[in-house]
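Asker: I have a structure I would like to understand better, so I am pasting it below and will then ask my questions one at a time.
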Amino acid sequence: MRADLHVHSTASDGTDPPAEVMRRAARAGLDVVALTDHDTVAGHAEARAAAGPVTLLPGIELSCRLDGRSVHLLAYLFDPDQPKLAAELARIRDDRVLRARAMVDKLAGLGVDISWEQVASIAGQAVVGRPHIARAMAASGAIASPREAFTRDWIADGGRAYVDRYALDPARAIGLVREAGGVAVLAHPRAGRDTWMPAGQIGGLAAAGLAGLEVFHPDQSEAERARLLALAHDLGLLATGGSDDHGSLTDYRLGCETTPQDAYQTLISRASPPAS
Ligand SMILES: [Zn+2]
Ligand SMILES: [Zn+2]
């Protein structure tokens with residue numbers, strides 16, 4: 001059984017619509033795909049309708065922050081209408097718009113000729129984010145390609161036109177997910193300098209009710225995977241995996257990493273989704 005538990009669509013910053021993600025999953029020979037768009041479940045209905053032979057595991061990737069560092073939390077099988085969780089999701093979404101507008105204003109002050117309307121139209125139905133601003137910047141000729149926006153000159157973390165965003169405390173987010181019947185997995189804890197998480201902090205989240213650690217991720221080295229596996233074992237956490245596919249942004253890598261079958265089955269058995 002092949003289960004890719006970390007995938008994005010146009011509902012956030014992926015390049016393929018949810019239905020296309022599910023068709024690609026079938027072609028890639030996957031049995032299970034978790035759609036885990038950033039801070040939104042807007043892609044689930046379309047993905048479910050297009051699932052075909054592939055099982056859709058409904059999910060999300062929540063934007064959190066701990067000690068000034070960005071932390072991503074994957075959550076699965078929760079009830080998105082549970083009032084406390086729904087209120088947080090709305091707050092994160094509203095903040096994304098305020099923040100994107102503030103970055104566009106800062107860019108205008110730096111002489112970049114883009115408007116909020118252009119950014120919003122590039123984002124379309126998606127949750128607006130920096131990739132959409134980057135594409136508007138490239139379209140305006142301010143930079144040669146969207147990738148160039150992610151430097152300290154522009155909208156990289158701490159850059160001249162960067163604006164910080166509202167983010168959840170991860171232990172609180174784990175609590176909200178569990179109250180909504182779901183299970184939480186810490187995404188790519190050792191994928192890079194900006195997101196490298198010490199073992200002590202991971203232990204704290206385990207104590208807060210975390211179910212798993214994303215060990216098998218394209219940006220985690222073999223050495224980090226080995227350390228994370230040992231840590232997962234010590235903390236009683238499941239070791240999961242996923243491609244973190246963003247369509248063309250990540251060279252169509254759906255299915256390049258998967259979750260072992262026993263970890264997947266234990267994970268879903270710990271969820272208590274609503275009876276509907
Ligand atoms: Zn992430
Ligand atoms: Zn992701």
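Asker: Exactly one of (1) touching a Lys or Arg at 6+ places or on another chain (Cβ under 7 Å); (2) more than 26 Å from G124 (Cα to Cα); (3) not in a loop (DSSP other than H, G, I, E, B) is unmet by K84. Its number?
Answerer: That leaves (1) as the condition not met.
Asker: Just one of R2, R23 is modelled with pLDDT of 95 or more, open to solvent by 50 Å² or more (accessible area, probe 1.4 Å) and within 22 Å of H188 (Cβ to Cβ); which is it? Let's see the steps before the verdict.
Answerer: On the way: R23 fails: within 22 Å of H188 (Cβ to Cβ).
Going through R2, R23 in turn, just one is modelled with pLDDT of 95 or more, open to solvent by 50 Å² or more (accessible area, probe 1.4 Å) and within 22 Å of H188 (Cβ to Cβ): R2.
Asker: Out of the residues in region 223-243 meeting the condition of being in a helix (DSSP H, G or I) and within 16 Å of ligand 1 (Cβ to nearest atom), tell me which one is nearest to L205 (Cα to Cα).
Answerer: L228
Asker: Another one. Applying the selection to region 69-95, what residues are within 16 Å of ligand 1 (Cβ to nearest atom) and in contact with a strand residue (DSSP E or B) (Cβ under 9 Å, 6 or more places away or on another chain)?
Answerer: Answer for region 69-95, where residues must be within 16 Å of ligand 1 (Cβ to nearest atom) and in contact with a strand residue (DSSP E or B) (Cβ under 9 Å, 6 or more places away or on another chain): S70, V71, H72, L73, L74, A75, Y76, I92.
Asker: Could you list all residues from region 123-145 that are modelled with pLDDT of 95 or more, within 22 Å of the chain's Cα centre (by Cα) and open to solvent by 40 Å² or more (accessible area, probe 1.4 Å)?
Answerer: R135
Asker: Being open to solvent by 20 Å² or more (accessible area, probe 1.4 Å), away from ligand 1 (no atom under 16 Å from the Cβ), in contact (Cβ under 8 Å) with a residue 40 or more places away in the chain and not aromatic (F, W, Y) narrows it down to one residue among A45, A28, A49; which is it?
Answerer: Just a single option satisfies the conditions, and that option is A28.
Asker: Which numbered condition trips up D105, out of (1) buried (at least 19 other Cβ atoms within 10 Å of the Cβ); (2) outside any strand (DSSP E or B)?
Answerer: If we test D105 against (1) buried (at least 19 other Cβ atoms within 10 Å of the Cβ); (2) outside any strand (DSSP E or B), just (1) comes out false.
This table checks each residue for (1) in contact with a strand residue (DSSP E or B) (Cβ under 8 Å, 6 or more places away or on another chain); (2) part of a loop (DSSP other than H, G, I, E, B); (3) more than 16 Å from T250 (Cβ to Cβ).
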{"position": "M1", "(1), (2), (3)": "yes, yes, yes"}
{"position": "D4", "(1), (2), (3)": "yes, no, no"}
{"position": "S9", "(1), (2), (3)": "yes, yes, no"}
{"position": "D13", "(1), (2), (3)": "yes, yes, no"}
{"position": "E20", "(1), (2), (3)": "no, no, no"}
{"position": "A25", "(1), (2), (3)": "yes, no, no"}
{"position": "R48", "(1), (2), (3)": "yes, no, yes"}
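Asker: Residue check: is Q220 of a type in the set (S, T, N, Q), part of a loop (DSSP other than H, G, I, E, B) and surrounded by 14 or more Cβ atoms within 10 Å (Cβ to Cβ)?
Answerer: In short, yes.
Asker: Just to be sure I understand the filter: pairs with C-beta atoms under 7 Å, separated by 6 or more residues or on different chains, first member in region 227-253 and away from ligand 2 (no atom under 15 Å from the Cβ), second member part of a helix (DSSP H, G or I) and open to solvent by 60 Å² or more (accessible area, probe 1.4 Å). Which pairs pass?
Answerer: A239/L229
Asker: Now for a separate question. Being open to solvent by 20 Å² or more (accessible area, probe 1.4 Å) and either more than 16 Å from ligand 2 (Cβ to nearest atom) or β-branched (V, I, T) (or both): is that true of A180 here?
Answerer: No; evaluated as a whole, the condition is false for this residue.
Asker: Also, I was wondering about something else. Please go through region 191-214 and give me each residue that is assigned to a loop (DSSP other than H, G, I, E, B), free of Cβ contacts under 8 Å to residues at least 60 places away in the same chain and open to solvent by less than 20 Å² (accessible area, probe 1.4 Å), ordered by number.
Answerer: G209, L210, A211
Asker: Something else now. Looking only at residues that are within 14 Å of ligand 2 (Cβ to nearest atom) and among the charged types (D, E, K, R) in region 1-15, which one is nearest to T266 (Cα to Cα)?
Answerer: Only one residue tops the list, namely D4.
Asker: Condition first: of a type in the set (A, V, I, L, M), open to solvent by 10 Å² or more (accessible area, probe 1.4 Å) and within 16 Å of ligand 1 (Cβ to nearest atom). Can you find one or more residues in region 60-68 that meet it?
Answerer: Within region 60-68, one or more residues are of a type in the set (A, V, I, L, M), open to solvent by 10 Å² or more (accessible area, probe 1.4 Å) and within 16 Å of ligand 1 (Cβ to nearest atom).
Asker: Within region 244-259, work out how many residues are in a helix (DSSP H, G or I) and within 14 Å of ligand 1 (Cβ to nearest atom).
Answerer: Going through region 244-259 one residue at a time, the tally reaches 2.
Asker: Going by the structure shown, is V163 farther than 30 Å from S269 by Cβ and part of a helix (DSSP H, G or I)? Explain how you work it out, then say what you get.
Answerer: Details: farther than 30 Å from S269 by Cβ: yes; part of a helix (DSSP H, G or I): no.
So V163 does not fit the description; no.
The values are calculated or read from the model by the stated rules, or taken from the named source; none is laboratory data. Only a predicted model underlies this, so the values are computations on that prediction, with no experimental measurement involved. Counting neighbours? That spans all protein chains shown, and the Cβs are built from the backbone with ideal geometry, glycine included. Ligands, DNA and RNA are excluded from the accessible area calculation, which covers all protein heavy atoms including side chains. Shrake-Rupley method; radii C 1.70, N 1.55, O 1.52, S 1.80 Å.
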